[in-house]
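Right, one structure below, let's go through it.
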Amino acid sequence: MRNTAIIGAQWGDEGKAKIVDILSRDADVIVRYQGGANAGHTVVKDGVKFIFHLVPTGALYPDKTCVIGNGVVLDPEQLLEEISCLEEKGIFLKDRLKISGNAHIVFPFHKLLDSAMETDSAAQKIGTTLRGIGPAYTDKMRRIGVRIYDLYHPDVLKERLETNLKYKNAIIREIFHKKEILLEEILSYCMKIASRIESMVCDTGNFLHQRIREGDSILFEGAQGTLLDIDFGTYPYLTSSNPTIGGLFSGTGVNPGQLDEIIGIAKAYQTRVGDGPFPTELIDETGDKLRQSGNEYGATTGRPRRCGWLDLAALRYAVKINGFTRIALTKIDVLDKFDTIYICTGYQISEEEGSISRYPEDSTRLAQCQPIYKELPGWEGTVRGATDYKEFPKNARRFIEKIENFIHCQISLISTGPDRTEIVRRY
Ligand code: GDP
Ligand code: IMO
Ligand code: MG
C-alpha cells in the first residue's frame, strides 16, 4: 500500500475510523494531523467497541507506529487517559506513539472558555464538543499558544504563559465573570505532564520523511469532515482546523508529491452534530428512523446526530476540494430498511432565483436552500453479509452507480456494517 489520506467528505462521523482500521493492516505508520479530542473514531473488533479521540486508530495493531502531527491541538490529560484506557484493554502504546513537539497544547482554560462561549447568551452558539478546540487554535493563530516543545524550555514556557494569561484572564474576568487562572497552577500542571509525555515527543515531520524514504506506507487519518473545514465549511458552524486535504500537509510537514491516494469517506445518507445549515435534514419520522437504524449518537459527546438524505451536490463539492482519488461509502446497510430512498442533486433557492446544481460556498445562501431530490426505489433484502459487489441487491447497485455518475469519482469500498469484517471491495 502506498501513502494514503482518509478524509471525511461530509460533516464528520462518516465512519472514517472503520476504513482507517481496515487499511491500517497494510500500513506501517498511522498519522493524525488536525483537530484534537473533538474527534470520536469508532472501531468494532470482534464485537468490542473502541473509541479513539487523539490516539490514531491504527493503535489497534500492535506492530504499527502512531503519530500525532504538528497540526493537532493536543490535550495532554486526555491523551494520557486514553493511553491508560487502551492499556487496560491490552494495547500498549508508549514506545510506538510519537508526538510532534510543535503541536499546540489544549489547557483546561481552553475547555473552560469553550463552554463559557457556548453558554453565553450574547455569543454565537456553535454546538461544539467542548474540548477546547476553538480556543486552542485561536491562541495558535494569535501567536500566544504553548507548544509541546515549550514544556522543556522553562523560561520560554513561563514567558509565553504570562502573556497568554494576561489576555485570557481579562476575558475570563470581564466577560465571563469567572475566577482568574493562576500562572503557578498552570506551570505546575505543565511540570506534571512534561515528564509523562517526554519520551514520545519528537520531530514527527522528519520521522515521516525518513520512513517514506525507507519505503514504509503511511496512512493519514483525517478527523472531522470537509463541510466542517474552517475555510470550506459552513462558517461559523464548523471546527477550527482544516480537515480538507491542505490540512494534511500543514499538519505533518509531508509534501504533496509524497501522497499517492486520497480516499473520501461518505455515509450513504447525511448526518451532522451541532448547529448550522443542513438542507437535506429530516425533522420527522424518517429522520428518526435513520437515527435509530444508524445508531446516530455522537461518539465523543453522545448527542443525537441530526439525520437526512444524502446530499450529492455537497459530496461533489468535497470531491472537488480534496481531489479524492476514490470514495469509501459507509453505512449503506442502514438504507436496507427504506422502501424509497432520496438523493439531493441540487437546490431550489427561491422562486425568483430558481435552482442551482452547485453547492453554494456561501453558507448563508446554503441555509436558504431547499433540496431537489431524485427518488430511487429501495431494495429487497439486505447488503449485510455480502462479500462481493455482485451479491448486492440490484437496486443497491443502482444507488451506488447513480452516486458515482453524479460525483465523477469511483466508489471502491463499501461498508455494510460496523464490524471491521463488513466491507466489500470493488476496484
Ligand atoms: P468517524 O468519526 O468518521 O470515525 O465515525 P464515528 O465512529 O464517529 O461514527 C460512525 C459510526 O458508524 C460508528 O458507530 C461505527 O461503528 C459505525 N459504522 C461504521 N461503518 C458502518 C457501516 O457500514 N454500517 C453501520 N451500520 N455502522 C457503521
Ligand atoms: P470526527 O473526527 C462530527 C463539530 C461539533 C460542532 C463543530 C465545532 O469524529 O468525525 P469543535 O468542538 O470542533 O469546536 O466543534 O464541529 N465536530 C464534529 N462533528 N464529528 C467530529 O469529529 C467532529 N468534531 C467536531 O459538533 O458542530
Ligand atoms: Mg466521529
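The values are calculated or read from the model by the stated rules, or taken from the named source; none is laboratory data. Nothing here was measured: the structure is a model prediction, and the numbers come from that model. Virtual Cβ from ideal backbone geometry, glycine too; neighbours counted across all protein chains shown. What goes into the accessible areas is simple: the full protein's heavy atoms, side chains included, and nothing from ligands, DNA or RNA. Shrake-Rupley method; radii C 1.70, N 1.55, O 1.52, S 1.80 Å.
With the requirement that a residue be over 21 Å from residue 270 (Cβ atoms) and either surrounded by fewer than 24 Cβ atoms within 10 Å (Cβ to Cβ) or within 12 Å of ligand 2 (Cβ to nearest atom) (or both), what does the range 4-19 give you? Within the range 4-19, just 4 meets the criteria. Among the numbered conditions (1) away from ligand 2 (no atom under 14 Å from the Cβ); (2) surrounded by fewer than 18 Cβ atoms within 10 Å (Cβ to Cβ); (3) within 22 Å of residue 300 (Cα to Cα), the only one that residue 95 does not meet is (3). Candidates are the residues of the range 370-421 that are closer than 25 Å to residue 322 by Cβ and of a type in the set (Asp, Glu); the one that is least open to solvent (accessible area, probe 1.4 Å) is 404. Scanning the range 346-369 for residues that are open to solvent by 30 Å² or more (accessible area, probe 1.4 Å) and closer than 26 Å to residue 263 by Cβ returns 357, 358, 361.
Being loosely packed, with under 12 Cβ neighbours inside 10 Å, part of a helix (DSSP H, G or I) and not assigned by TED's automatic domain parsing to the domain that holds residue 303 is true of residue 188.
Listed by position, the strands (runs of 3 or more DSSP E) inside the range 324-388 whose residues that are touching a strand residue (DSSP E or B) at 6+ places or on another chain (Cβ under 7 Å), in contact (Cβ under 8 Å) with a residue 12 or more places away in the chain and within 26 Å of residue 233 (Cα to Cα) number at least 3 are 326-330, 340-350, 370-377.
Test residue 83 against the criterion of being more than 10 Å from ligand 1 (Cβ to nearest atom) and either within 29 Å of residue 152 (Cβ to Cβ) or in a strand (DSSP E or B) (or both), and give yes or no.
yes
I'd like the full set of residues that are crowded, with 18+ Cβ neighbours inside 10 Å and away from ligand 3 (no atom under 16 Å from the Cβ), limited to the range 292-312. Across the range 292-312, the qualifying residues are 308, 309, 310, 311, 312.
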